[in-house]
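Below is one structure; the comments refer to it alone.
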Amino acid sequence: MKEGIVMGVTAALLLKTDKFPLSCILAETPSQLPDSRASAKVIKVLDQYLGLNVDPKPLLKKAEEFESKLKGLMKQTGKAQTMKVKKEISYMG
């Protein structure tokens, strides 16, 4: 790992690794938003390792829904920004 942050309970446990054995599965995320795809990858690895028979597909479906909503919001934000610039220009001319 080149850079990253571990927070919360995971970080606290990692600080105490000299007292008991500990393993950690980390997944890379491209932003500070919740990442359902990364969570699904972690679940898939845990499932293979522990044989839990957990299906990550519902989580991947939620990830697609979240990404779709986020793209829509970004598109609306872009439109609002463009309209703001046009209004500022019209006041000058």
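The values are calculated or read from the model by the stated rules, or taken from the named source; none is laboratory data. Computed from a predicted structure; not experimentally measured. When we count neighbours, we look across all protein chains shown, and the Cβ atoms used for this are built from the backbone with ideal geometry, even at glycine.
Numbers at a glance
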item: Residue list for region 1-19, restricted to those being out of contact with any Leu (no Cβ under 9 Å at 6 or more places or on another chain) and not polar (S, T, N, Q); result: Lys2, Glu3, Ile5, Met7, Gly8, Val9, Ala11, Ala12, Leu15, Asp18, Lys19
item: Matching residues in region 26-41 - criterion: being assigned to a helix (DSSP H, G or I) and touching a Leu at 6+ places or on another chain (Cβ under 8 Å); result: Ser36, Arg37, Ser39, Ala40
item: Lys84 being modelled with pLDDT under 80, in a helix (DSSP H, G or I), loosely packed, with under 11 Cβ neighbours inside 10 Å and more than 18 Å from the chain's Cα centre (by Cα); result: yes
item: Filtered residue count, region 20-75, keeping only those that are under 23 Å from Val9 (Cα atoms) and of a type in the set (S, T, N, Q); result: 6
item: Residues (in a helix (DSSP H, G or I) and either surrounded by fewer than 10 Cβ atoms within 10 Å (Cβ to Cβ) or touching a residue at least 12 places away in the same chain (Cβ under 8 Å) (or both)) located in region 49-67; result: Leu50, Lys57, Leu59, Leu60, Lys62, Ala63, Phe66
item: Pair list, Cβ < 6 Å and 6+ apart or interchain, from region 6-27 residues that are at pLDDT below 80 to residues that are assigned to a helix (DSSP H, G or I) and not charged (D, E, K, R); result: Leu22/Leu13
item: Residue in region 1-19 that is surrounded by 11 or more Cβ atoms within 10 Å (Cβ to Cβ) and within 23 Å of Lys69 (Cα to Cα) present; result: no
